[in-house]
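Okay, structure first, notes after.
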Amino acid sequence: MAGIAGNSPRERFFADYCRTIRRSTGSGDKRLIDAFVAPIREHFRTVTELEELGTRKGHTVTIVLSLADTASRRRTKRAASLLGWEVQAGKKGVTVAAGVKQTQARRQDTASALGVDEASAQEALGRGKPYAIEIRDEWAPLVVDEAVWRKTFYAAADYPGGMAEAVVAEPGMATVYAGMARMDGAAAKAVVSGIGLKKLAEKNPELFYQAAEALAVAGGRALAPGGPQADAVWRELSGADPSDPARFFCGAI
């Protein structure tokens, strides 16, 4: 939905996702930003509503489309609407067709993203057979625990897509995450404790993203030119010693 390559490894997925969001929302043009963000947020709302029509088993939600009885027809009509389809029963049988309205077209993007085959659905329902839609979700690892991001940025917000939706809705969040993904774990921990995610997002997230790779920790020290012999110089410049990475990074950014 965001336009990233489909072969992004699970371990790198969220970083690639946030980098794509950063590029697509960095123009400052509200019209372009809204055009990018709105379909993604609608996608998460649509998937959430679709899952409410199905049965979950582990990481998979199965939604059975059927015209066998009143309850099944009602569920099928609702699912079709969420997918941007129109289901009509006539003398010649059942037809499933893509709607032509703009809202229906956007929902058809979600159907494609989920791998739902309109033609197969029409064939099955036309023969009086059920058609099953499977929505599968998987976990993507994060460089900083999701609970920290939620507490910092969206504790009071209700995002159906959780953090994946929050990074398109909360300004600066995607850029800060993309920067965090460029750092080693010790440096990321020092930045979070010394500066804080909220301050990074509000102050200058783009500067942080550009500088992130230069912020590194080894042996419990921030890596700074000159090594320990230059600590006095760095203390004077940043107000903190490289031996205290959290305070040092706070003074450097």
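The values are calculated or read from the model by the stated rules, or taken from the named source; none is laboratory data. Note that the structure is a prediction, hence the values are computed from the model and not measured. Cβ atoms come from the backbone with ideal geometry, glycine included; neighbour counts cover every protein chain shown. For accessibility, only protein heavy atoms count, side chains too; no ligands or nucleic acids. Shrake-Rupley method; radii C 1.70, N 1.55, O 1.52, S 1.80 Å.
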- Task: Please go through the residue pairs 30/189; 30/77; 30/199; 77/101; 57/198; 77/129 and name each one whose alpha carbons sit more than 26 Å apart in this structure.
- Result: 30/189; 30/77; 57/198
- Per residue of region 13-29, in order, report the coupling 6.51 cos²θ - 1.76 cosθ + 1.60 (Karplus, θ = phi - 60°) as ³J(HN,Hα) in whole Hz, putting x for Gly and Pro. 4, 5, 5, 4, 4, 5, 5, 5, 4, 4, 5, 7, 10, x, 6, x, 7
- Message: With a 1.4 Å probe and all protein chains left in place, how much accessible area per residue does the chain have, in Å²?
- Response: 55 Å²
- Task: Could you let me know the centre-to-centre spacing of region 145-195 and region 68-87, using Cα atoms, in angstrom?
- Result: 37 Å
- Note on the structure: In order over region 159-176: 3J(HN,Hα) from phi, Karplus 6.51/-1.76/1.60, θ = phi - 60°, whole Hz, x for each Gly or Pro, gives 9, x, x, x, 5, 4, 8, 4, 5, 9, 9, 9, x, x, 5, 5, 5, 5
- Message: Given points 7 Å out from each Cα along the Cα-Cβ axis, report the residue 112 to residue 198 separation in nanometres with one decimal.
- Response: 4.0 nm
- What is the gain in length, in nm to one decimal, between residue 55 and residue 213 on full extension, counting 0.36 nm per residue of separation less the C-alpha to C-alpha distance? 52.5 nm
- Query: Under 16 Å from the 7 Å Cα→Cβ point of residue 243, by amide nitrogen: which residues of region 204-234?
  - Reply: 218-224, 227-234
- So what is the calculated 222 nm ellipticity per residue for the chain, using -39500 (n - 2.57) for each DSSP H run with n of 4 or more, over all residues, to the nearest 500 deg cm²/dmol? -15500 deg cm²/dmol
- Return the distance in nm (one decimal) between the two label points of a simple spin-label model at residue 139 and residue 232, each offset 7 Å from Cα along Cα→Cβ. 5.0 nm
